[in-house]
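Derivation of every value follows stated rules applied to the coordinates shown; laboratory data play no part. Worth saying up front: this structure is predicted, and the values here are computed from it rather than measured. Every residue, glycine among them, receives a Cβ derived from its backbone with ideal geometry; neighbour counts consider all protein chains shown.
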Amino acid sequence: MAGIVTEPWSVAENGNASMTAKGSSRELRLGRTAHNMSSSSLRKKSDLRVIQKVPYKGLKDFLSNLQEVILGTKLAILFPAIPAAIICTYCGVSQPWIFGLSLLGLTPLAERVSFLTEQLAFYTGPTLGGLLNATCGNATELIIAILALTNNKVAVVKYSLLGSILSNLLLVLGTSLFCGGIANIRREQRFDRKQADVNFFLLLMGFLCHLLPLLVGYLANGKTSAAVLSDMQLNISRGFSIVMLISYIAYLVFQLWTHRQLFDAQDQEDEYDDDVEEETAVISFWSGFFWLVGMTLVIALLSEYVVATIEEASDKWNLSVSFISIILLPIVGNAAEHAGAVIFAFKNKLDISLGVALGSATQIGLFVVPLTIIVAWILGINMDLNFGLLETGCLAVSIIITAFTLQDGSSHYMKGLVLLLCYFIIAICFFVDKLPQKQNAIHLGHQAMNKVVTATGGGVFSS
C-alpha cells in the first residue's frame, strides 16, 4: 500500500493518482531532503472518517484538502495570526502588532510549503521532487529578501540572510547537538561526516566571496576615489554571484544524481522509523500545486507586512534593525524546521539534523544570497557581497567553529552547548548595537587606514 493514495475522493480528483504515486517507501524517501524529514515531525495524522460521509464529491474534496493542508500540522494554532495581521493592517492597528502577527503567521506557512512540495514529489519522482524541495526549501527568506529589495532596504536584506546562515550553523545545530546529547547521554551519538564535509567546503567558498569585496576597501590610497572602489566592489560581487550560483547547481547535481547516497535521509530500522514508512500522498497533484501557489502568495503578503513595519517595530521595541533581522526573523521564520531538527536529534538521528542545519545554511549562502544580488542587479539596485567587517567576522567564526565541532563524526552535549553560547555572544553584540544604518567604509576607501577601520568597526552595511 505504500506510496498509493487510498482515499477515494483523491483518486477521483486525479484519475492517475494511484499510478503516479506508486512505488516503495524507500523510493519515495529518496526524493526527500533532510528539510522535509525535519518538517514531517511536526505533522499529525488526519481523521477523515467524518468527511467520508459527506454526500457531495466537490465539498468532500475541498474539506479533505482543508483538513490535510490547514489542520494537518501541529502549528495549525498559529494560522489565525494570518487573518489577524491582515485585519490589523486595514484597521490602523500599531505597526509593531502587524509585524509580530506577520512573523507568527509565516511560521506554519513555511512548514506547509515543505509539506506541499513533498506531496508533489510523490507524483514527480524522487529526483524532480528532490529538486523541487531544494528550490522551495527557503522560499520564505527569498521572498522577504526580494520584497525588501523592491523597497530599497538593502541593509535588511543583508542582515536577514546573514541571520539565516548564523541561526542554522549555531542555533539549530547547537540546540540539536545539546538536546540530543542530553537525551542520549549514556551512548555516543555518531553521524556521517561526508555530507558535512561537502557543505563546509561550499560554505568556505561562499565566505571567500564575502571576504574579498570587504578587503577591496583596504586597497584605497589618497588618489583612489570612493566611486572607483564602490564600482570594483559591485562588479566583483556580481561576478562572484554567478560563480556561487554555478557552484549551487553543481551541488544539486552532486546531491540528487551522482552522490545521492551521501544525502539520503537515515534509513535505520528502529522504533522511530514507523512515522516515515507509513507516509503516502494524501492530496492529488493539482490540489497540491494550487495550494502551493496560494501559500506562496500568502507568504509574499505577510513578507510585505514584515518589510514595511520592521523599522517601526524597531523603534517601539527599542531594538536595533540588525538584531531583529539577524536574530528574530530567522528564529520565527524557520521555527518549524528548527523544531524538527531538534526532535530528530532526540531520536539519535543526527544525520537528519545536520542535513537540516548545514543544508539550509548552504542553500542560503550559495543560492539565495547570489540570487538576491542578481535580482538587485536587474532592478538597478547596488547591492554587493560586502556584509561589513563585524558581520563577515561573525560568519567566518561560525563556519570555522562548526567545522571543528563536527570534524570527528561524533557528538555530545558539550559541543552543542558551545555552539549555542557562540550564538548568544553574537546575539548580545547585535542587541547592544545602536549605531544607525549608514555607509560602510568601502565608500570611504580614499581615507586613511585608521579612518577606514574606525568606520567599519561599527559593523554596518554598504548599499
With θ taken as phi - 60° and the coefficients 6.51, -1.76 and 1.60, list the Karplus ³J(HN,Hα) couplings across the range 166-179 in order, rounded to whole Hz; mark glycine and proline as x. 5, 5, 5, 6, 9, 6, 5, 5, x, 5, 5, 5, 5, 5
Amide H partners (placed H, <5 Å) of T73, local residues excluded: K44
With r as the distance between the Cβ atoms of I87 and N318 and R0 = 22 Å, compute the FRET efficiency 1/(1 + (r/R0)^6) and round to 0.05. 0.25
Relative intensity, log₁₀ I(q)/I(0), of the range 59-100 from a Debye sum that treats every alpha carbon as a point, q = 0.14, 0.24 Å⁻¹: -0.46, -0.77
Hz values of 3J(HN,Hα) by residue in the range 340-345 - Karplus curve (6.51, -1.76, 1.60), Gly and Pro given as x: x, 4, 5, 4, 5, 5
For Q189, residues with placed amide H under 5 Å, excluding near neighbours: S411
Where labels lie 7 Å past Cα in the beta-carbon direction, separation of N151 and K194 in nm: 4.5
What Kirkwood hydrodynamic radius, in Å, does the range 294-377 give when the mean of 1/r is taken over all pairs of distinct Cα atoms and then inverted? 15.1
Quick calc: nm separation of the 7 Å Cα→Cβ label points for A250 and E311 -> 4.1
Integer Hz, Karplus 6.51/-1.76/1.60 couplings in order for the range 206-216, x for Gly and Pro: x, 4, 4, 5, 7, 6, 5, x, 5, 5, 4
How many nm is it between the label spots at H412 and W257, if each spot is 7 Å from the Cα in line with the beta carbon? 4.4
Segment F431-I242, length gained on full extension (0.36 nm per residue, minus Cα span): 64.7 nm
Trypsin sites (Lys or Arg not before Pro), restricted to the range 91-187: which are DSSP loop and have at most 12 other Cβ atoms within 10 Å? R186, R187
Just in the range 110-208: which GluC sites (Glu not before Pro) are loop by DSSP and have at most 16 other Cβ atoms within 10 Å? E188
